[in-house]
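Notes follow the structure.
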Amino acid sequence: MPDVIVPIFQKYAQFARFVIAGGLAFVVNIVVLYTLTDLLRIYYLISTVGAFLVSFLASFTLQKFWTFKDNSRDQLHLQLPLYLGMQIFNLGFNTGLMYVFVEYLHIWYIFAQFVITAFLAAVVFFVNKKYIFRS
């Protein structure tokens, strides 16, 4: 059985790291979102932007250095703006979907964030792998 599992894990190790790193960044996002919205009583759309900014730093660092094992700093001046551009697009898309899910579909904002994040994960992995952190 381990002879079958090890090659599968090796084949999908990068995606597994992506999911774990993304999961950690997502936890940061949700904790900040909850803290800003429920504890500090900030409007949920503004909280979504604040949570994005905090989780962006965690996400970029984990994805660059751990998921894609890119320890070089020579492409940082290109990677950071590309990653930020992708994340800003995701922020707009995320915020728009949050508005629709919460205001029109009456879905709890935390659950809405889970659904939106799951949807965007596959697209983000592909863009990161093929364009931003390509080896």
Notebook entry, point to check: Relative contact order for the range 1-61: what is it in percent, counting Cα pairs under 8 Å that are at least 6 residues apart?
Noted result: 35
Notebook entry, point to check: Does a label point 7 Å from the Cα of residue 6, set along Cα-to-beta-carbon, have any residues of the range 60-101 with amide nitrogen under 11 Å, and which are they?
Noted result: none
Margin query: Please compute the contact order of the range 36-135 in relative form: average sequence separation of alpha-carbon pairs under 8 Å and at least six residues apart, divided by the residue count, as a percent.
Written below: 28
Notebook entry, point to check: Taking the Cα atoms only, what angle lies between the long axis of helix 76-99 and the longest principal axis of the chain, rounded to 10 degrees?
Noted result: 40
Next item on the list: For the chain, give the percent of accessible area contributed by carbon and sulfur heavy atoms, probe 1.4 Å, rounded to a whole number.
Entry: 74
Next item on the list: Using a 1.4 angstrom probe, figure out how much accessible area the range 86-134 has per residue, in square angstrom, rounded to the nearest whole.
Entry: 60
Check: Modelled label-to-label distance, residue 13 and residue 27, 7 Å Cα→beta-carbon offset: nm?
Finding: 2.2
Note to self: Can you give me the angle between helix 109-127 and the longest principal axis of the chain, using Cα atoms only, in degrees from 0 to 90, rounded to the nearest 10?
What the structure shows: 30
Checklist line | Environment charge of residue 68, counting only residues whose C-beta is closer than 10 Å and scoring Lys/Arg +1, Asp/Glu -1 | finding: +4
Checklist line | Highest to lowest packing among 54-62, 12-20, scored as the average C-beta count within 10 Å | finding: 54-62, 12-20
Next item on the list: Counting residues in the range 22-135 as N, plug N into 2.2 N^0.38 Å and put the Cα Rg over that result.
Entry: 1.10
Next item on the list: Treating the Cα atoms of the range 1-75 as identical point scatterers in vacuum, please give the log10 of the normalised Debye intensity I(q)/I(0) at q = 0.18, 0.21, 0.23 Å⁻¹, two decimals.
Entry: -0.75, -0.86, -0.93
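The values are calculated or read from the model by the stated rules, or taken from the named source; none is laboratory data. On a predicted model such as this, the values are computed, not experimentally measured, just so you know. All Cβ positions, glycine included, derive from the backbone under ideal geometry; neighbour counts span all protein chains shown. Each accessible area value is taken on the protein alone, full model and side chains, heavy atoms only, with ligands, DNA and RNA left out. Shrake-Rupley method; radii C 1.70, N 1.55, O 1.52, S 1.80 Å.
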